[in-house]
Amino acid sequence: VQLQASGGGLVQAGGSLRLSCAASGRTFSSYTMGWFRQTPGKEREFVAGINWRTGSTHYPDSVEGRFTISRDNAKNTVHLQMNNLKPEDTAVYYCARSRLEVVTTRPERYYIWGQGTQVTVSS
């Protein structure tokens with residue numbers, strides 16, 4: 001399975017972006033998808049996760065109410081809608097897949113990663 005992330009870019013504070021992550025290759029019915037972000041010198045940070053089978057989602061407080069993760073089963077694609085973006089949201093965003101059925105915030109539990117897409121929010 002390969003993951004291809006897209007949709008990053010430059011946006012002003014308060015604006016919105018929608019990231020997409022398309023999966024190709026063999027897929028399974030029981031797994032979770034997550035979005036993480038990383039800035040230079042910092043650890044990878046969990047920002048959203050979704051159980052592919054049930055659609056249940058999980059967010060950290062830092063993005064709750066601003067970010068929404070969703071899935072398109074037919075296209076094997078997961079999206080991250082980011083609204084009311086802040087300069088501190090600036091990072092490289094990665095999508096990833098975990099074999100767990102429960103969304104986890106721990107990056108080491110994800111075994112497939114996309115290539116990352118840059119999101120820059122100007123003040």
Show me, for region 70-80, the HN-Hα J-couplings you get by feeding each phi into the Karplus relation (A = 6.51, B = -1.76, C = 1.60, θ = phi - 60°), rounded to Hz, glycine and proline as x. 8, 10, 10, 4, 5, 9, 6, 10, 10, 10, 10
Integer Hz, Karplus 6.51/-1.76/1.60 couplings in order for region 14-23, x for Gly and Pro: x, x, 10, 9, 10, 8, 10, 9, 9, 9
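Using DSSP to call loops (not H, G, I, E or B), can you name the chymotrypsin sites (Phe, Trp or Tyr not before Pro) in region 17-123 whose Cβ has at most 11 other Cβ atoms within 10 angstrom? List each step's numbers first, then the result.
On the way: sites: 28, 31, 35, 36, 46, 52, 67, 93, 94, 110, 111, 113; in loops: 28, 31, 52.
Counting only loop positions with at most 11 other Cβ atoms within 10 Å, the chymotrypsin sites (Phe, Trp or Tyr not before Pro) in region 17-123 are 28.
Where in region 1-80 are there trypsin sites (Lys or Arg not before Pro) that are in a DSSP coil and have at most 16 other Cβ atoms within 10 angstrom of their Cβ?
On the way: sites: 18, 26, 37, 42, 44, 53, 66, 71, 75; in loops: 26, 42, 44, 53, 66, 75.
Passing sites in region 1-80 are 26, 42, 53, 66, 75.
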Going residue by residue through region 100-111, the Karplus relation 6.51 cos²θ - 1.76 cosθ + 1.60 with θ = phi - 60° gives ³J(HN,Hα) values, rounded to whole Hz and with x marking Gly or Pro, of 5, 8, 9, 4, 10, 8, 8, x, 5, 8, 9, 10
Given a 1.4 Å probe and every protein chain left where it sits, what share in percent of the accessible area of the chain is carbon and sulfur? 46 percent
Amide H to amide H under 5 Å from residue 9: which residues, 5+ apart in sequence or cross-chain, H placed 1.01 Å off N in plane? 119, 120
Between residue 123 and residue 13, what is the label-point separation in nm under the 7 Å Cα-to-beta-carbon projection? 0.6 nm
For the chain, what relative contact order do you get, as a whole percent, if you take Cα pairs closer than 8 Å and at least 6 residues apart? 36 percent
Farthest toward positive dipole pole in region 14-123 [+1 Lys/Arg, -1 Asp/Glu at C-beta], among 50, 36, 90: 50
Given a 1.4 angstrom probe, what's the average accessible area per residue across the chain, in square angstrom? 52 Å²
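Work out the length of the dipole vector of the chain about its Cα centre, built from +1 on the beta-carbon of each Lys and Arg and -1 on the beta-carbon of each Asp and Glu, and round it to the nearest 20 debye. Don't skip to the end; give the middle numbers.
Numbers: 14 positive and 9 negative charges, 74 e Å.
With only Lys, Arg, Asp and Glu charged at Cβ, the dipole is about 360 debye.
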How much solvent-accessible surface does residue 92 expose, in Å² to the nearest 10, with a 1.4 Å probe and all protein chains in place? 40 Å²
Search the structure for amide H atoms under 5 Å from the amide H of residue 31, placed 1.01 Å from N in the peptide plane, and list their residues when 5 or more places away or on another chain. 52, 53
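The values are calculated or read from the model by the stated rules, or taken from the named source; none is laboratory data. All figures in this text were calculated on a predicted structure; none of them were measured in a lab. Note that each Cβ is placed from the backbone with ideal geometry, even for glycine, and that neighbours are counted across all protein chains shown. Side chains included, ligands, DNA and RNA excluded: accessible areas come from the protein's heavy atoms. Shrake-Rupley method; radii C 1.70, N 1.55, O 1.52, S 1.80 Å.
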